[in-house]
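Worksheet for the structure shown next.
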Amino acid sequence: MSQIPATTPQELKEAIDEGADLTILDVRQPHEFEQNHIEASDVDVLNVPLNELRTMGPEQLPDSVSDERIVAVCRSGNRSGSATRLLNQAGLDVENLQGGMRGWKQLAGVPL
């Protein structure tokens, strides 16, 4: 299995703080997303469950997503890793959040 592009929670926080042009693609189920998710005022956060992403294809994501850096997120990094592979193969610039929401929660000072 080839290595997929990834970013750490700290790198994501820095990108958000710097106002980077990025989209957070949360691939968990809606009930998981509603419990907690990454929130940032200047960042698009989309919830598209992995099973839906597989059937709809990347061309059905909002147009703005294709022009931005995308960070895929799930609970632990497994589902988002699959999403990252899928979207990278489709030509999008996607990175997996290492450790998923678990890693994000461990980062001090990050809103949930």
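Looking at Gly57, Gly77, Leu22, which one has the Cα that reaches farthest to the positive end of the dipole of the chain (charges on Cβ: Lys, Arg +1; Asp, Glu -1)?
Checked the options; the winner is Gly77.
Scan around Ala6 for amide H atoms under 5 Å from its own, H built in the peptide plane at 1.01 Å from N, and keep only partners 5 or more places away or cross-chain.
The list, which skips near neighbours in sequence, is Asn96.
5 Å is the cut-off here: which amide hydrogens, built 1.01 Å from N in the peptide plane, fall below it relative to Leu22, excluding neighbours closer than 5 in sequence?
Under 5 Å from the amide H of Leu22: Asp44.
What residue among Glu32, Glu18, Glu95 shows peak mean-square fluctuation when the chain is described by a Gaussian network model with Cα springs under 10 Å?
Glu18
³J(HN,Hα) across the stretch 92-100 via Karplus (A = 6.51, B = -1.76, C = 1.60, θ = phi - 60°), whole Hz, x for Gly/Pro?
For the stretch 92-100, the Karplus-derived couplings read 8, 8, 10, 10, 8, 7, 4, x, x Hz, x marking Gly and Pro.
Taking the Cα centre as origin and putting +1 on Lys and Arg beta-carbons and -1 on Asp and Glu beta-carbons, what dipole magnitude results for the chain, to the nearest 20 debye?
720 debye
Give me Ser82, Ser41, Ser76 ranked fewest to most by other Cβ atoms within 10 Å of their Cβ, as a rough exposure proxy.
Working: Ser82 18, Ser41 6, Ser76 14.
Going from least to most buried by this count: Ser41, Ser76, Ser82.
Students often get this wrong, so try it: which of (i) 1.09; (ii) 0.96; (iii) 1.75 is Cα Rg over 2.2 N^0.38 Å as calculated from the structure shown?
(ii)
Return Lys13, Lys105 ranked ascending by Cβ neighbour count within 10 Å, so the fewest neighbours appear first. List each step's numbers first, then the result.
Values: Lys13 18, Lys105 13.
With the fewest neighbours first, Lys13, Lys105 line up as Lys105, Lys13.
For every other residue with a beta carbon closer than 14 angstrom to the beta carbon of Pro58, add +1 if it is Lys or Arg and -1 if Asp or Glu, then tell me the sum. Write out the running numbers ahead of the final one.
Values: positive: Arg54, Arg85; negative: Glu52, Glu59, Asp63, Asp67, Glu68, Asp93.
Spelling it out: positives minus negatives among the neighbours equals -4.
How would you rank Thr7, Thr23, going from fewest to most other Cβ atoms within 10 Å of each one's own Cβ? Present the calculation step by step, with values, prior to reporting the outcome.
On the way: Thr7 18, Thr23 21.
Ranking Thr7, Thr23 by Cβ neighbours within 10 Å, fewest first, gives Thr7, Thr23.
Computed from the coordinates by the stated procedures, all read-outs in this text should not be read as laboratory data. Note that the coordinates shown come from a computational prediction; the quantities given were computed from them, not determined experimentally. Don't worry about glycine lacking a Cβ; one is built from the backbone with ideal geometry, like all the others, and counts go over all protein chains shown.
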